[in-house]
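Note sheet for the following structure.
The values are calculated or read from the model by the stated rules, or taken from the named source; none is laboratory data. Remember, it's a predicted structure, so these values are computed and weren't measured experimentally. Cβ coordinates were reconstructed from backbone atoms using ideal geometry, including for glycine residues, and neighbour counts include every protein chain displayed. Ligands, DNA and RNA are stripped out before the accessible areas are found, and what is left, the full protein with its side chains, is counted by its heavy atoms. Shrake-Rupley method; radii C 1.70, N 1.55, O 1.52, S 1.80 Å.
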Amino acid sequence: GETRVVTLADNSRVTLDAASRISIRYSTERRDLTLERGQAYFDVAKDRNRPFRVTAGDQVVVATGTAFNIELVGDEVLVTLLEGEVIVSDAGAPAPRLAIPGVPSVARPAVKLATGQQFIAAGAETREIEQDVNVEKTNAWRSGKIMLDGDTLAEAVARMNRYSRITLSVESEEISSLRISGVFNAGDTDAFIEAVEAYFPVEARRMSASSIEIHAKS
C-alpha cells in the first residue's frame, strides 16, 4: 500500500504507486527509465539536450520538460498528459524512413499528445487517444483514492490489488467486463467487495486470509 516520491539526479520527480517498480539509467546524453509494473507520475525537469524516455510495456514515452502519468493494467498501457507535450511510439520501432510509393510502412507512426489527452495501447493491435480525460481520476491515487469511472470489474480488481495484501480475483469470464464506477479508499478491500456484491449479480468467496474470489451468482 505504500507510495513514494523520488527525486532523481536531474531534479525530475517520480511518484511511484504501490506495487510498482521503475528502473533508471542516466547518461550524459540520455535519461532512460522503464516502468516495469504498476503506475507512476513523472514531473520532468527541462533538459532539451537529454530527452526523458520512459519505456512501459511495448510503448516509449519521450518528453523534455512536462508532467504525465503512466499506468500498466493487464496488457494495457495508459499514458495521460497533464502538462506540456510528450511523444509516444512503439518500443523498438525503427527510425522513421522516407515513404516509398507502393511500399507500406511496417512501423506505426509516433503520436504526440496534448494536455488532457490519454493514449491507450492494448497489445500490438489497439491504439487510441481519449480526449479531455478525467484528470481527477488520473490523480486520485496520489491522494490515497481509487476512482473508477466505467472501468471493467477486471480492471477495478487489478487496481485494488495494488494496495492490499488480500488478493482479489475474478473467476467468471461473464462478469469480468461488468462496468463499475465509484470512489474507494486505496486498500479498503472490504468496502469494494461490499459495493460490488450490492450492485452486481456476484458473490465473493473468501478462500483464505489473503485471497478472495469473485464469482457470478449461481
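Remarks
- Inter-residue pairs, beta-carbon under 8 Å, first within 12 Å of residue 11 (Cβ to Cβ) and in contact (Cβ under 8 Å) with a residue 12 or more places away in the chain and in region 43-58, second surrounded by fewer than 18 Cβ atoms within 10 Å (Cβ to Cβ) and basic (Lys, Arg), 6+ apart: 43/13
- The set of residues in region 106-150 being assigned to a loop (DSSP other than H, G, I, E, B) and at positive phi consists of 116, 123, 132, 144.
- Looking across region 1-44, the residues that are assigned to a loop (DSSP other than H, G, I, E, B), of a type in the set (D, E, K, R) and open to solvent by 80 Å² or more (accessible area, probe 1.4 Å) come down to 2, 29, 30.
- Across region 188-218, the number of residues qualifying as polar (S, T, N, Q), surrounded by fewer than 15 Cβ atoms within 10 Å (Cβ to Cβ) and either touching a helix residue (DSSP H, G or I) at 6+ places or on another chain (Cβ under 8 Å) or farther than 15 Å from residue 157 by Cα (or both) comes to 2.
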